[in-house]
Every structure is written in C-alpha cells, then in structure tokens.
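Presented below is the structure to which this report refers.
Values quoted throughout were computed directly from the atomic coordinates according to the rules given, and no laboratory measurement underlies them. Values in this document were obtained by computation on a predicted structure and should not be read as measured data. For neighbour counting, all protein chains shown are included, and Cβ atoms are generated from backbone atoms with ideal geometry for every residue, glycine included.
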C-alpha cells in the first residue's frame, strides 16, 4: 500500500460496504452488518422480538477469539 501511495500506482481495495460507509461518514445499517456476520444479526433480531421473561431465561455468554487465540 505504501508503494502505491508513493508511486501513484492504483491498488484494488476489496472492502465490505460497512467499511466504505465508515470511511465516507455514512450510517451503517443491520443489512451492512449482515454482509459480514449473519449469525450475530440473526441472534440480535431474535433478542429484539422475544418477551422479557423469555429473554431473562436465556443465559447469554459473549465470547471472542483473539488473533493470538
């Protein structure tokens, strides 16, 4: 990337719509997130429609794997 900047060569950037929207200051929607992480969006949509009692019965555990495992 640095060589392209210094030499003026064109470089193809294949970034998701969500990244492009952030770069140009546009609002990100759930559809943009869906492009990257469908399972997360499906779970969030489910949480939006369940009743409070059903929500409280779920044991929610949020985890992530870091690059160094």
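Worth a mention:
- Using just its DSSP H runs of length 4 or more, each adding -39500 (n - 2.57), the chain gives a mean residue ellipticity at 222 nm of -15000 deg cm²/dmol after division by all residues.
- Computed from Cα atoms, the angle from the helix 38-49 axis to the main principal axis of the chain rounds to 40 degrees.
- Model label points for residue 14 and residue 35, set 7 angstrom from Cα along the Cα-to-Cβ axis, are 1.4 nm apart.
- Overall size of the chain from C-alpha positions, given as principal axis extents largest first: 61, 32, 16 Å.
- Length gained on full extension, residue 69 to residue 45: 5.8 nm, using 0.36 nm per residue less the C-alpha separation.
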